Structure formats: structure tokens, C-alpha cells
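Here is the structure we will look at.
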Amino acid sequence: MERSHLSVSALVAALALGSGAASSVAQIVYVDRDAVGANTGVDWANAYTSLQMALQAGWGSEVWVAEGTYTPAPPGGSAAETFALRSSLGIFGGFAGHETQRQQRDPIANITTLSGDLNGDDQPGWVNMTENSDHLVTANGVSATAVLDGFTINAGRCTQASGAGLLILNASPIIRQCLVTGCIADFAPAAGCLVNGGSPLFEQCEFTGNYVWLSRGAGAYIATGTTPTFVDCLFANNQVHGGGAAVADGAAVFVEFDAPSTFDGCTFVNNIADPNYPLYSNGGALCSLGTDLHMIRCDFVANRADTGGALWIGRPARIENCRFTGNRALVGGAIVNFVAAPTLVVGSTFSFNDAEDGGAVSNSTNGAIEFQNSILWGNTGIGETRFKQQVHNAGGTVSFSFSCIEGVFETIPNEDPPNPRSYPGCIDDSPKFVDADGADNRAGTADDDLRLMPGSPCIDAADNGLFAPGVQVDLDGALRFVNDLGMPARGVGGANVADLGCYEFQGRTTGFVLVQPTPGWANAPNTWRAGGVQPGRRVYFVYGFESGSANVPHCPGLTVAIRQPVIVGSAPANGQGEASITRSVPEVAAGRYIYFQAVDPATCRVSNRVLRLF
């Protein structure tokens, strides 16, 4: 994830300058390891050469730190020394050492590192780290006026303690544009960050390459009684390793009981929960025991664990506008749901995840999960039907509404046919992804383009009322409720019906398109809609029970792809180019597959063919 430049207005709003009412001018303390002046911190020429010295001086409302590496203690110093945040103080990295305004800094060009490598002798493979800082940065009891912004936090190490990189205790600091990397915890959780109490905010941060031995949460560990928020953060290449009786859960993040946590616009890539049997590892990206987990507009790619390749959910959660692709596990390639209270999955896309049991999702005996406005397609498992490769229910409760699910209406030998009434608004048609295996021609990697092609049956097929109040954008940040004027809407929501899955189609379908009948079950009135017709032109709707071919009268060489088609009825197109009819489907059609197609005889065109189980 590329860290964007700082918004000055956002920073000013977030940081109270001085004490009491916000001051219009900050009192700035300057730090530059290369300065040769009086070491007083009053300007760049006389900057402190040590960040620790600047913090211990105790004055100023902002600390500006020039590029370079800073340690909390000198070589041979105490590993217990730490960079301590304090309320009403903003600490900003990314300066070259000449700036006069904060917005002139560039944290990407001027890398400013807070390092736990006190002796400067760390080697690859976690070698020579025994003297490294136990808790590199701490925030103890501070408010949201404590800000850390624009730093790399590197090489913290803790043994039988937690929070090698960041230790947050009953505090609510703002951590922004920080990279937490290369931290390790032995026999304890939280190599990158421990959050134990408070409501901290993390914005545009990266947690990468952190490692936990015989515990949980290599990127971040969220303890009971904490309500953190992560916005636009990246969690990549974090790993937990278990052994013997030790667990290995939540390689990127582990959430304890009663710790409502929100992740908005975050990306989880290649995080690995690596077990050492007999215990299993749970949640390659995130393992949650916390109530009210919210995952909004998040992307999960190529995470791995034994159970729940991306997520292991043990308490109520809401997952909205998220993408899951290329995640792998033995059980639940993307998600294992273990919770009795319903987990809600809304407007999300699951594709090319893999597991022996439940390619996309496995729902436990005690689990309850609801899929709404979502796509589950192309996920794989061993020896299972197409439907069970998407979701395997081990005895709990699973429900689907307004979703595209591969194999959902597939008849399984020796079982009763699925009842479409149990799957309101659902379809079993290819979602027509733009480029399902991406530029690298490998499905399940980050470049897979799971946006919808024009004419996708998932366009305008959602129920708007199932999205959370206030949802306005999709995973891309594009508008969520966009009507495709060339596609007949089969969803619910008025003039601008949303699409299924995590991406909203922003274009316009061209051509003659027929969508699935609604509601799509027998012994009820059903409506057929076709779009892309000149207003006033009459459209004929036909059906049949077998695939085949039949000539269209008065249109030489034109055929429908149905054997012995029967006309359902006809209707003229309205001013938007959409024709629709409503007819009752008799009860005798229940359990039968029926093909449908539309014909525009005036222009000798036929629509796509759709297949529906009634």
C-alpha cells in the first residue's frame, strides 16, 4: 500500500495544539541526528540530536524529526527504555531538516526510523536481537491529542511480554502514516502492536513482516475492553508460529473478548498462521473473539491458516463491501464462522479461495451466518458439490438473499431439489468478472479483477435495504448505488439499485439483455425484464425445458437457444428501453429448470438465455 501525503486540514482537526483551547501557532521542537549546533531544539540548526532527549525535555506542542534512525537508548543501554507519547504533543517524522511548514515534509522520501536495534548489529533471521528494545514506543493513558505520524517503527523485540513495536495501555492516541515492521515477540503475543484499553485510531499505517513465536497477533493484538479503529491500513507478510500446546492464531490481528474493533478500507495480504500440530492455527489474517467486529471495504488476498484462511470469527461480526480471493485453509478457505449470533456478510465477493472443507466459508455446528448482496463464485474444495465448495454448513444456520452463488440451485443426487423460496433474490449465473485471473493469469492473486463486465447478471440485482445505513461507496471508493441504464433492474431499491458483490458497475450495458425472473419461484406471479430495446418496440418472451435451437419466424437464420420454445407473452419497451411482463408460474413447475429468452422481431435480435430452477 502506498502511503499518501498528509492532509493538512485533517491533521489540524485531529491535533489540539497546546493546552486548553487550540493555539494558532504550535511550539515546535526540532530533532536532527546530524545537527551540529547548540543541541537545544529551538530550530533546525540547533536541533536536538536525540529524539529521546527532545521528549524528556518536556516542552513544545509538536516535535519535528528529520530523516534518519533514532533509538530510545544508546548502544549497550537498557532495553526497557521507550519513546513515550504524551497528550497534547504531536511527533512528526519525514522532514529533510530545513522545512518551515509541516506540510512541506515527505515521510516517504525522508524515512525516519524509530529502531529497537540499540547496538546496530541485527542480522536477517532475527539474529542479534536479544538486546533490542522491549517496547519501542509506548502510549500510556494518553488522549487523542497524542499523535505519532510519519515514522518507521522497526526491530522491537519482547520476550514473555507484549507490544514490541507499539504498546498502548488505556490510551487513545492517533497513529498515522507509520510503518511497523520487523518486530518479534517470543512466547507472547503482539510483535507489532498491543492495544490494551482505550480507543486508538490508526490511519494509513502498515504492519508488515512481524513475527510471533508460540502465540497470537503478529501485526496487532487487541485486548478486552479496547475499541480501536484502523482506517486504510495494510497488514502484509505477518506470521505466527505455534508449537506443542501453544496456539498460533491471527497472524495479522488477534481480537480478544469484548473488544469491538473496526477495520475500514484495510488490506490483508499473505499473512500466515503456521501451526505445529497437534493444535490448529486459526485466522490467517484475523482471529476474533470480540463482539461487534466491523470489516468495511477490506481486501483479503492470499492469507493462510488451518481454519479460516482469512478470518476466524467467534463473536458477532459485520463484513461489508469486502473482497476475499486466494485465501487457503484446511477448513474455510476464506472464513470459518464459529458464532451462534449471526455474522452478516453484505455486498462482498468471494472467489478462488480454497479449502478441503468449504472453499470460501465453513459454518460450524454452532454458527449462524447470513449472506446478502454478495457473490460466491469459483471457490474450490475437495470432493464437494459446487455449492458446498462455496459454503459448507456443518450443522449451524446459513441463509442467503440477493446473492450470486455458484451451484446454489444444483440438484444433488438422492436429495430434494433446492427450494428457490429459501434463497430470495439469489441467482446461479456466472457473475462475468472483468479478468478473473488478472494480468498474471493466476487466479487468487492481488491483480484479479473481480469487477463486473457489462451485462453481468449481478448488475442492479441487490436489495438496497440490506446495506448498512450510511453506506455510500464500494471497495474502490466509487459510488455504491449506480443504475446501469442499459440493464433491467431485478433488485430492490427504486431508481438506483446496487449491484451484487464488492464492486459497483459504473458504466452502461449495451445490447439486448434479459435478466432472471423475479422472484423466481413457482405458484407465484413472476416478472421478466429485458433491456436495450428501442422504446415502443414489442418484445416477446419465450420459455422451454430443454436447451436446443428453434428458428425465429420472419427472421431468416435467427434462432433461440431453446428446444420447442413457448411464448410466455409480449410487451412494448418503455421510455427507458425496458420491456417487462408478469405472469403466474404454476405450482407444477416447482423443482424444474426452465430456460428463458427474449426476442425483438422488429430488429431480428435475441437476448441472452437464462436458466432458472423454480
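The values are calculated or read from the model by the stated rules, or taken from the named source; none is laboratory data. Given the structure is predicted, the values throughout are model-derived calculations rather than measurements. All Cβ positions, even for glycine, are placed from backbone atoms using ideal geometry, and neighbour counts span all protein chains on display. Just so you know, the surface numbers come from the protein's heavy atoms only, side chains and all, with ligands and any DNA or RNA stripped out. Shrake-Rupley method; radii C 1.70, N 1.55, O 1.52, S 1.80 Å.
Worth pointing out:
- For region 111-194, the residue among 145, 135, 181 whose Cα projects farthest onto the positive side of the dipole built from Cβ charges is 145.
- Working note: Karplus 6.51/-1.76/1.60 with θ = phi - 60° gives region 36-48 the couplings 10, x, 7, 6, 10, x, 7, 7, 5, 5, 10, 5, 4 Hz, where Gly and Pro are set to x.
- Under Karplus coefficients 6.51, -1.76 and 1.60, residue-wise ³J(HN,Hα) of region 492-509 in Hz, glycine/proline x: 10, x, x, 6, 10, 8, 6, 9, 7, x, 8, 10, 9, 5, 9, x, 9, 6
- Cβ charges +1 (Lys, Arg) and -1 (Asp, Glu), total dipole of region 232-319, debye: 140 debye
- Amide hydrogen neighbours beyond the local backbone of residue 397, cut-off 5 Å, H modeled: 367, 368, 369
- The distance linking region 188-241 with region 31-49 is 34 Å (Cα centroid to Cα centroid, whole angstrom).
- Computed from the alpha carbon positions, the gyration tensor of region 514-571 leads to an equivalent ellipsoid with semi-axes of 21, 17, 9 Å, biggest first.
- Mean-position separation - Cα centroids, region 493-571 and region 307-361, in angstrom: 33 Å
- Cα-centre dipole for region 318-377 with unit charges at Cβ (Lys and Arg positive, Asp and Glu negative), debye to 20: 140 debye
- MRE, 222 nm, helices only [DSSP H, n ≥ 4, -39500 (n - 2.57), over the chain, to nearest 500]: -500 deg cm²/dmol
- Amide H to amide H distances under 5 Å link residue 176 with 148, 149, 150, 203, where only residues 5 or more positions off or on other chains count and H is placed in the peptide plane.
- Of all accessible heavy-atom area on region 254-385, the percent that carbon and sulfur account for (1.4 Å): 54 percent
- Using C-alpha pairs below 8 Å separated by at least 6 residues, the relative contact order for the chain is 6 percent.
- Most simply put, the chain has about 20% antiparallel DSSP beta bridges, counting only bridges with both residues inside it.
- Coarse-grained scattering of region 146-208 at q = 0.14, 0.22, 0.28 Å⁻¹, given as base-10 log I(q)/I(0) from a Debye sum over alpha-carbon atoms: -0.35, -0.85, -1.18
- Rounded percent of accessible protein surface that carbon and sulfur make up, region 478-568, 1.4 Å probe: 53 percent
- Per residue accessible area of region 442-557, 1.4 Å probe, in Å²: 42 Å²
- Overall dimensions of region 25-121 as given by Cα atoms, namely Rg and Dmax in Å: 12.8, 41
- Karplus (6.51, -1.76, 1.60) ³J(HN,Hα), θ = phi - 60°, over region 261-272, in Hz, Gly and Pro reported as x: 10, 10, 10, 10, x, 9, 10, 10, 10, 6, 8, 10
- Residue (of 413, 443, 398) at the positive-pole extreme of region 392-450, dipole from beta-carbon charges: 398
- Annotation: amide H-H contacts under 5 Å for residue 498 (H modelled 1.01 Å from N, sequence separation of 5 or more, or interchain): 462, 464.
- Student exercise, region 115-256 dipole from Lys, Arg, Asp, Glu Cβ charges, in Debye to nearest 20: 240 debye
- Heavy-atom accessible surface of residue 546, to the nearest 10 Å², is about 90 Å², with a 1.4 Å probe and all protein chains retained.
- The candidates 401, 281, 580, arranged from most to least accessible area with a 1.4 Å probe in the full protein assembly, appear as 580, 401, 281.
- Normalised radius of gyration (Cα atoms, divided by 2.2 N^0.38 Å) for region 396-525: 1.12.
- Size check on region 300-350: the Cα extents along the three principal axes, sorted descending, read 25, 21, 9 Å.
- Take each peptide in 139-150, 594-605, count the other Cβ atoms within 10 Å of every residue, and average; sorted highest first, the result is 139-150, 594-605.
- Accessible area per residue, Å², region 27-111 with all protein chains present, probe 1.4 Å: 42 Å²
- In whole angstrom, region 337-420 maps to an equivalent ellipsoid with semi-axes of 17, 15, 14, each derived as √(5λ) from the alpha carbon gyration tensor and ordered largest first.
- For region 142-215, the fraction of 1.4 Å probe accessible surface lying on carbon and sulfur atoms is 53 percent.
- All C-alpha pair distances within region 521-614, sorted into 5 Å bins from zero, spread as 3, 14, 24, 24, 18, 11, 5, 0 percent across the bins.
- In this structure region 229-341 gives 27 Å² per residue of accessible area when probed at 1.4 Å with all protein chains present.
- Judged by the ratio a/c of the largest to the smallest principal axis of the C-alpha gyration tensor, region 78-227 counts as oblate, that ratio being 1.5 or greater while a/b is no larger than b/c.
- Ranked packing of 431-439, 251-259, most packed first, by mean Cβ within 10 Å: 251-259, 431-439
- Counting only Cα atoms, the size of region 271-421 along its three principal axes is 41, 30, 26 Å, in decreasing order.
- Computed from Cα atoms alone, the Kirkwood hydrodynamic radius reported for the chain is 26.3 Å.
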